[in-house]
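One structure is given below, encoded as structure tokens.
The values are calculated or read from the model by the stated rules, or taken from the named source; none is laboratory data. In this text the structure is predicted, and so the values were computed from the model without any measurement. So basically every Cβ, Gly included, is an ideal-geometry build from the backbone, and we count neighbours across all protein chains shown. Ligands, DNA and RNA are stripped out before the accessible areas are found, and what is left, the full protein with its side chains, is counted by its heavy atoms. Shrake-Rupley method; radii C 1.70, N 1.55, O 1.52, S 1.80 Å.
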Amino acid sequence: MSFIRLGDYNRMTVVKETSFGVYLDGGDEGEVLLPARYVPEDCKEGDELDVFVYLDNEERLVATTQEPLAKVGDFAYLETAWVNEYGAFLDWGLMKDLFCPFREQKMKMEKGKSYIVFVHIDNESHRIVASAKVEHFLDTSFPPYAHGDEVDLLVWQKTELGFKVIVDNRYPGLVYKNQVFKDIRTGDRMKGYIDTVREDGKVDVMLQPTGWRMTKSLGDTVMEYLESNGGVCLLTDKSPAEDIYRQFQVSKKNYKKAIGDLYKRRLITIEDDCIRKNEPKREQGGNQAKRKEKRLKVKK
């Protein structure tokens, strides 16, 4: 390979075996050590391995088969492992903690507390570092989304309007509080759905899909509930909204749409105090015989 992606995954070839690990072909960067504790069983010279490459305590390239909680270019929610006079060190799942210098902190980080950060390579030191000033790293280009598109969300922070989120590890977004029907916290990862991309490029996000997709998804959930509860659900379109949310984590409006769709498809019966799963109708013997006779005539 001609170059190494620092702070990312690389496919590298074993070129030398030693008692303390194996050396991998780092191309222009020379050989890179994979310590013995991370070497797979039966590994031999010539094998290709997928490894994560970062810097050890002496700023040398080192490889690992461990999976970090984030790589360069990722936003992540990481816990502070320790703090010294230079900054904070975050646990990102590797032997060496991730450094966040004081200049990249919005507030002084404290041991044991977690923060949303962006992982990048510092232009001056060329080390992998974290920054809590995540707004500096969000994409300012116009987002390429349409209403209803499914996206990945990282909950960033709570505001008076709702929750700021990071969309697809790239764009800033907002979920309004009247769209939130479940408990969410900073650091949560979840699926979301684009509501609107405004003319200024700001993205409004929903936590639930709309239209047929929502109806179909929730309808499947309701049918699964009926299957595991003797075909009966005590929640109807007249039940309190909080009871519906407690069971299915959706609004009453969306629940009514879902069971209305199931009713139209004749999958359920809606009664005053419950909904019931309809059992498939069994054909009587006479009807079955007539249909069998008709099929035989068609074949002839």
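Which one of the conditions (1) at pLDDT 85 or above; (2) surrounded by fewer than 15 Cβ atoms within 10 Å (Cβ to Cβ); (3) not hydrophobic (A, V, I, L, M, F, W, C) does residue 211 fail to meet, given that it meets all the rest?
So the condition that residue 211 fails would be (1).
Residue by residue through the range 62-75, note down the ones that are surrounded by 18 or more Cβ atoms within 10 Å (Cβ to Cβ) and free of Cβ contacts under 8 Å to residues at least 60 places away in the same chain.
Selection gives 62, 63, 64, 68, 70.
Within the bounds of the range 208-226, is there any residue that is of a type in the set (Asp, Glu) and out of contact with any Ser or Thr (no Cβ under 9 Å at 6 or more places or on another chain)? Before you say what the answer is, go through the steps one by one.
From the range 208-226, those of a type in the set (Asp, Glu) are 220, 224; that's our starting set.
Remaining after also requiring out of contact with any Ser or Thr (no Cβ under 9 Å at 6 or more places or on another chain): 220, 224.
There is at least one residue in the range 208-226 that is of a type in the set (Asp, Glu) and out of contact with any Ser or Thr (no Cβ under 9 Å at 6 or more places or on another chain).
Identify all residues within the range 102-140 that are among the polar types (S, T, N, Q) and either touching a residue at least 40 places away in the same chain (Cβ under 8 Å) or open to solvent by less than 30 Å² (accessible area, probe 1.4 Å) (or both); write none if there are none.
If we filter the range 102-140 for residues that are among the polar types (S, T, N, Q), which is where we start, we get 105, 114, 123, 125, 131, 140.
Correct list: 105, 114, 131, 140.
Would a scan of the range 148-158 turn up a residue that is without any contact (Cβ under 8 Å) to a residue 24 or more places away in the chain and either open to solvent by less than 60 Å² (accessible area, probe 1.4 Å) or within 19 Å of residue 199 (Cα to Cα) (or both)? Can you show your working first?
Kept after step one, since they are without any contact (Cβ under 8 Å) to a residue 24 or more places away in the chain, are these residues of the range 148-158: none.
No, the range 148-158 contains no residue that is without any contact (Cβ under 8 Å) to a residue 24 or more places away in the chain and either open to solvent by less than 60 Å² (accessible area, probe 1.4 Å) or within 19 Å of residue 199 (Cα to Cα) (or both).
Filter the range 38-94 down to the residues that are acidic (Asp, Glu) and under 24 Å from residue 126 (Cβ atoms) and list them by number.
Of the residues in the range 38-94, the ones acidic (Asp, Glu) are 41-42, 45, 47-48, 50, 56, 58-59, 67, 74, 79, 85, 91.
Within the range 38-94, 50, 56, 58, 59, 67, 74, 85, 91 qualify.
Search the range 277-298 for residues being open to solvent by 100 Å² or more (accessible area, probe 1.4 Å) and either in a loop (DSSP other than H, G, I, E, B) or at pLDDT 90 or above (or both), and hand back the single one that is nearest to residue 239 (Cα to Cα).
Only one residue tops the list, namely 279.
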